[in-house]
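Each remark here refers to the structure printed beneath this line.
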Amino acid sequence: MLKAAGVEAGATAVGVTAAPSASAAGYAHPGLLHTRADLDRMAAKVKAGAAPHTAGYARLTANRHAQSGWTPNPQTTVVRGGTGQNYAILYNDIHAAYQNGLRYHVGGDSAHADTAVAILNAWSAKLTSLAGSADRFLAAGLYGYQAANAAELVRDRPDFELERFRKMLTAVFAPLSESFLTDHNNAVVTNYWPNWDLTALACVLATGIFCDDSARVERAVEYFKKGAGLGSVRNAIPVVREDGLAEWLEAGRDQGHALLGVGLMGTVCEMAWNQGIDLYGYDDSRFLKGAQYVAKWSMGGEVGYTANTRAKGAIGGWSGTETASGAAGVDPTMTRPIWAMIANHYTRRRGLSAPYLTRIAAKAAPEGGGGDYGPNSGGYDQLGFGTLAFTRDRATASPSGGSAALSGGSAAPSAAPSASAAAAASGESGDLAATGSGDAVAWTAATGITALAGGLLLLRRRGRAGGTAE
């Protein structure tokens, strides 16, 4: 049985702030990417001038989407792929709603909550359909999970049209994502790379939690574990290597899509975790091993890759195959705002060694969000701001011998990864950032961030490139 974090973990955690309130269906709210404890932690850290939270918050306040008074431009139909594309309007408005909602919780200015509510209400009053080529499934998945997360931040505001928003999620976004997971646009099940499944998974899971729909939540969880498509965890990460890393299938395609996939799988794991469902640790922490692999590879490290051939084509139509024979080349300056969330879970919540994740998270900090990684859709695939949102204190042992987050951390499932997962995930330490008791110092020093009065930042100079489309 799936349990809400407020029920399973909140009762046993030591030093944890109040768990999110559970809904009648047992789901905790707020409880998608951010719990109440997470939001309280962000606000407290920024108020105290703590690093690197202040640097992360400065990136948020500097983003043009995070300004109160943003004017939404809702559409009746959103098109992605083909003639009449207008989906950029939607993702810009969603990111403005999310950023204003987050800024409200951290800074306390209700004008930002008012702006987020106005954007979301405008869209739920007008949007009726998603159209276009097969890319419409990407629009449903990406913008469905993002819209749910933005709305979760203001769901308790009296002027937010909660029921109307639920109807939009369940009538416009989720059906396309569910259809994709069922028949993959009438294609051979391996026709689409992992990130297609993962966008759909994120939408179905977020919709289920937001709408207190246990059937949708369980459908997403079961697909993550055992789905036939390439986005299920064992298909996306098919080979676990003797060095403790696990090959990410889409590394054989290109770096941008591999980063997208890792970010999406992390998003699914984080939303599930906040409801007491441990996908991070599933299958001996398989995702940790895959994320470590992508982190090492993305920083220019040499990784193995097992050649694979996948079937392609349409059911009853054309057919073919495609072979990926090795890991693609990388640009070590390419980044997406995905690493802080994953690294903080494994090293701070779980206390595991994850040197490649630690190093790449420090390199990417302070993470920005939509609008900070280029103007195209790839720069809006993640909600971002992980340095602010997910930097957390290291877990402490509870009297029962388990681990509980320190003050300000979110409640967590009681299950912990096996000892073999901890050992296998350690990787090669070398000159990589440490993940022991001095982790906070190592992370802060490695980022090259100094928070200055007035919210200004002093950053080490480094190159950065955006990602690619799906």
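Annotations for the structure displayed:
- Karplus (6.51, -1.76, 1.60) ³J(HN,Hα), θ = phi - 60°, over region 139-150, in Hz, Gly and Pro reported as x: 4, 4, x, 5, 7, x, 5, 5, 4, 4, 5, 5
- Whichever aspartates and glutamates have a C-alpha closer than 16 Å to that of Lys312, once near sequence neighbours (fewer than 8 apart) are set aside: Asp183, Asp197, Glu250, Glu322
- Cross-link partners of Lys167 among lysines, defined as those whose alpha carbon lies under 27 angstrom from its own and excluding same-chain residues fewer than eight positions apart: Lys3, Lys126.
- Residues whose amide H comes within less than 5 Å of that of Ala246, counting only those at least five positions distant or on another chain, are Arg241, Gly290, Tyr293 (H built at 1.01 Å from N in the peptide plane).
- Neighbour-limited loop hits for GluC sites (Glu not before Pro), region 202-263 (at most 16 other Cβ within 10 Å; DSSP other than H, G, I, E, B): Glu242
- Rolling a 1.4 Å probe across the protein heavy atoms gives region 164-250 an accessible surface of 32 Å² per residue.
- FRET efficiency, Glu222 to Glu242 (Cβ-Cβ, R0 35 Å, nearest 0.05): 0.70
- In this structure, the amide hydrogen of Leu352, modeled 1.01 Å from its nitrogen in the peptide plane, lies closer than 5 angstrom to those of Thr347, counting only residues at least 5 positions away or on a different chain.
- For region 159-240, alpha-carbon Rg and Dmax in angstrom: 13.6, 49
- Solvent-accessible area, 1.4 Å probe, carbon plus sulfur percent, for region 155-215: 50 percent
- Entries of Lys45/Lys363; Lys47/Lys289; Lys225/Lys296 with Cα pairs more than 30 Å apart: Lys47/Lys289
- Only protein heavy atoms count here; under a 1.4 Å probe, Cys211 has an accessible surface of about 30 Å².
- Distance between the modelled labels on Glu302 and Asp156, one decimal in nanometres: 5.4 nm (7 Å Cα→Cβ projection).
- Per-atom-type breakdown for region 231-320 gives carbon and sulfur 45% of the accessible area (1.4 Å probe, protein chains only).
- Cα pair distances exceeding 18 angstrom across region 15-160, given as percent: 60 percent
- Local charge for Gly252 was computed over the other residues whose Cβ lies under 11 Å away, with Lys and Arg +1 and Asp and Glu -1, and equals -2.
The values are calculated or read from the model by the stated rules, or taken from the named source; none is laboratory data. This one's a predicted model, so the numbers in the text were calculated from it and none came from an experiment. Backbone-built Cβ (ideal geometry, glycine too); neighbour counts: all protein chains shown. Side chains are part of the model used for accessible areas, which takes the heavy atoms of the whole protein and leaves out ligands, DNA and RNA. Shrake-Rupley method; radii C 1.70, N 1.55, O 1.52, S 1.80 Å.
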